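First comes the structure, then the notes that go with it.
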Amino acid sequence: MMQFESWADFWAMGGYAFYVWLSFGVALGAMALITIFSVIEHKRLIKQVVTEQQRKLRIQRAQQQARNDTTEPDRSN
Amino acid sequence: MWKWLHPYAKPERAYQLCNTLLPWFALPAVVCLVVGTMWGLAYAPQDYQQGDSFRIIYIHVPSAMLSMSTYVAMAIAALVGMVWQWRTAYMAMIAMAPVGAVMTFIALLTGAAWGKPMWGAWWVWDARLTSELILLFLYFGVIALYSAFEDKQQAGKAAGVMALVGVVNIPIIHYSVEWWNTLHQGSTITKFDKPSIATEMLWPLLLNIFGFALFIALVTTMRLKNEIIRREMHRPWVQMLVKQKETNDAV
Amino acid sequence: MGGVFKRDLALAFRQKAELVQPLMFLVMVVTLFPLGVGPGPVTLQLIGPGVIWIAAILSSLMGMERLFRDDFADGSLEQLQLSGLPLYAVAAMKVLCHWLVTFIPLLILSPLLAMFLNLTVDMYIALVITLLLGTPLLSLVGAIAVGLTVGLQRGGVLLALLLIPVFIPLLIFATSAVDAAALQLPYRAQIAIIGAMLLIAMALAPAAIAYSLKVSQN
């Protein structure tokens, strides 16, 4: 069933080891890279939205503070 | 007949569809690729002429075939975007492009690696490899044109035109390159074209073709999600989605 | 329609430098080959058709940008669009004018180029036929990409990247025709194919160019 007598034979690929493993290796590598890049991109985009949301929240809070500060002098009288 | 497709013109629905489809692409892709590759590497017989270097076919043929079908799919997405004015169609188009380009690159590299033991040279201007190289240029063109525009609506339309011009040219390029090849190289028939293939070799090949196709669908879906978020970042549904994600992660 | 043509013609002659530069580029590129490859007449004749056609493609890419650039910049393109004239017809007229203005000088220069590269008379005749049928194809298909990139800052190299793959079949058939002529073989088939590509381009390109211009106008 198995075409090769031993592991050593498998890795040797009948003398064509360099070409076969180069091909399979680069294919696997390229496919892995683009998948990984896509995942990283996704995380980065989510992070971008989160950062913006937090910024907006901070700005909102700051504006609230400013409004409270300006109304206070009236009440302290 | 196509009414069921219409809701996916809205990015939000398309995003949900992507999420649903992801596991259906991921699992079968991994299974097919692992089984197909192992079968081809260890169990399929070697070619009596080319020995074990023939096993490269299990990567080269799927990637070459799919590099072309992905371009056609890209062009179809562009056409859908143009005719029905669907933003999501253009987003799908640009999501596919880098994946197709990677496939083309793999086809070129494995083609060269296969050719070196066969013909003694890393690069020969045979019809198939030359056409793949031109296809790679076409992919780069679409990607470059899209990134040159700030307004991504415009970018989609412009890249869509080039994708369509490209797809019309692909058969012309193939025919002319094949013809040019026979002119300049006599009648060397490459083993790339229609290798006489035994059934023990056919099954792992089909599995890998299927596996590669699923892989392309998987990564395209992931990239489509990214493109949707990028373009729709300020919409309330995206904001809600991210907030939910955050609370889920915090839990 | 005639008005569009006459206007473009007048504008073209107002800036003669812009017309002459691509032509000079063409001659200089052709000159580079004997200098780079060696002046051996046999070699030059072998590579001649390819060299002239590649130089023609490159110089055509250089000169193509002026097709819509000025009209886009000063708003006349928008005016033409609003004028009620069908945009595809306007585009076709502009391409026709551009082609005439670039091809006729090329035709006049072509014997010089043929002489530089040691082409035979048969080869030269084939070359002229391929240029006659092929350069309009370059202009028509090129105009589609020019229409898409007209609004971009640095569209020049991008234009070349987009168009060179698309021009490859034309290059293959045109050089094959001239090579066949060198061997005294018939080349009607290659010319017929180029002619067919030209006819398809004439039918489809104007609408595509009009669409491209609309995309750029946004």
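Tabulated results
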item	result
Members of region A:36-70 that are over 23 Å from B:Glu227 (Cα atoms) and among the hydrophobic types (A, V, I, L, M, F, W, C)	A:Leu57, A:Ile59, A:Ala62, A:Ala66
Hits in region B:147-165 - residues which are more than 7 Å from chain C (Cβ to nearest Cβ) and assigned to a helix (DSSP H, G or I)	B:Ser147, B:Lys152, B:Gln153, B:Ala155, B:Gly156, B:Ala159, B:Gly160, B:Ala163, B:Leu164
A:Ile46, sole failed condition from (1) facing chain B (nearest Cβ under 8 Å); (2) of a type outside the set (Gly, Ala, Ser); (3) farther than 30 Å from B:Met240 by Cβ	(3)
Hey, C:Ile194 within 15 Å of the chain's Cα centre (by Cα) and either acidic (Asp, Glu) or at pLDDT 95 or above (or both) or not	yes
Sole residue being more than 29 Å from C:Thr43 (Cα to Cα), of a type in the set (A, V, I, L, M, F, W, C) and either within 11 Å of chain B (Cβ to nearest Cβ) or surrounded by fewer than 21 Cβ atoms within 10 Å (Cβ to Cβ) (or both), chosen from C:Leu185, C:Leu204	C:Leu204
Evaluation of C:Ser216 against (1) facing chain B (nearest Cβ under 8 Å); (2) modelled with pLDDT of 95 or more (one fails), failing number	(2)
Hey, C:Ile125 at pLDDT 95 or above and either charged (D, E, K, R) or part of a helix (DSSP H, G or I) (or both) or not	yes
Elements of type helices (runs of 4 or more DSSP H) contained in region C:1-85, each with 3 or more residues being of a type in the set (A, V, I, L, M, F, W, C), touching a residue at least 24 places away in the same chain (Cβ under 8 Å) and surrounded by fewer than 14 Cβ atoms within 10 Å (Cβ to Cβ)	none
Check on B:Arg55, of a type in the set (D, E, K, R) and either open to solvent by less than 30 Å² (accessible area, probe 1.4 Å) or free of Cβ contacts under 8 Å to residues at least 40 places away in the same chain (or both)	yes
Residue selected from region B:172-184 under the condition open to solvent by 80 Å² or more (accessible area, probe 1.4 Å) and under 20 Å from C:Ile200 (Cβ atoms), by the criterion modelled with the lowest pLDDT	B:Glu178
Members of region A:8-49 that are at pLDDT below 95, of a type in the set (A, V, I, L, M), farther than 18 Å from B:Thr104 by Cβ and open to solvent by 40 Å² or more (accessible area, probe 1.4 Å)	A:Ala8, A:Ala12
In region C:141-162, the residues that are within 18 Å of B:Ile170 (Cα to Cα), buried (at least 19 other Cβ atoms within 10 Å of the Cβ) and out of contact with any Leu (no Cβ under 6 Å at 6 or more places or on another chain)	C:Val141, C:Ile144, C:Leu162
Given (1) within 13 Å of the chain's Cα centre (by Cα); (2) of a type in the set (Gly, Ala, Ser); (3) open to solvent by 10 Å² or more (accessible area, probe 1.4 Å), index of the condition C:Gly134 fails	(3)
Condition check for C:Ser176: within 14 Å of chain B (Cβ to nearest Cβ) and either within 22 Å of C:Leu44 (Cα to Cα) or in contact with a strand residue (DSSP E or B) (Cβ under 7 Å, 6 or more places away or on another chain) (or both)	yes
Selection from region B:185-229 of residues that are at pLDDT 75 or above and touching a Lys or Arg at 6+ places or on another chain (Cβ under 8 Å)	none
Number of the exception - C:Leu170 against (1) part of a helix (DSSP H, G or I); (2) facing chain B (nearest Cβ under 10 Å); (3) surrounded by fewer than 23 Cβ atoms within 10 Å (Cβ to Cβ)	(3)
Any chance C:Ile193 is within 11 Å of chain B (Cβ to nearest Cβ), open to solvent by 40 Å² or more (accessible area, probe 1.4 Å) and of a type in the set (A, V, I, L, M, F, W, C)	yes
Any hit, region B:106-121, residues being open to solvent by less than 10 Å² (accessible area, probe 1.4 Å) and farther than 22 Å from B:His174 by Cβ	yes
Out of A:Asp9, A:Asp69, sole residue that is charged (D, E, K, R) and over 22 Å from B:Asp47 (Cβ atoms)	A:Asp69
Selected residue (only one of C:Val141, C:Val157 is assigned to a helix (DSSP H, G or I), out of contact with any Gly (no Cβ under 6 Å at 6 or more places or on another chain), modelled with pLDDT under 95 and within 11 Å of chain B (Cβ to nearest Cβ))	C:Val157
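The values are calculated or read from the model by the stated rules, or taken from the named source; none is laboratory data. What you see is a predicted model, and the numbers here were worked out from it, not measured in a lab. Here Cβ is always computed from backbone atoms with ideal geometry, including for glycine, and neighbour counts include all displayed protein chains. Just so you know, the surface numbers come from the protein's heavy atoms only, side chains and all, with ligands and any DNA or RNA stripped out. Shrake-Rupley method; radii C 1.70, N 1.55, O 1.52, S 1.80 Å.
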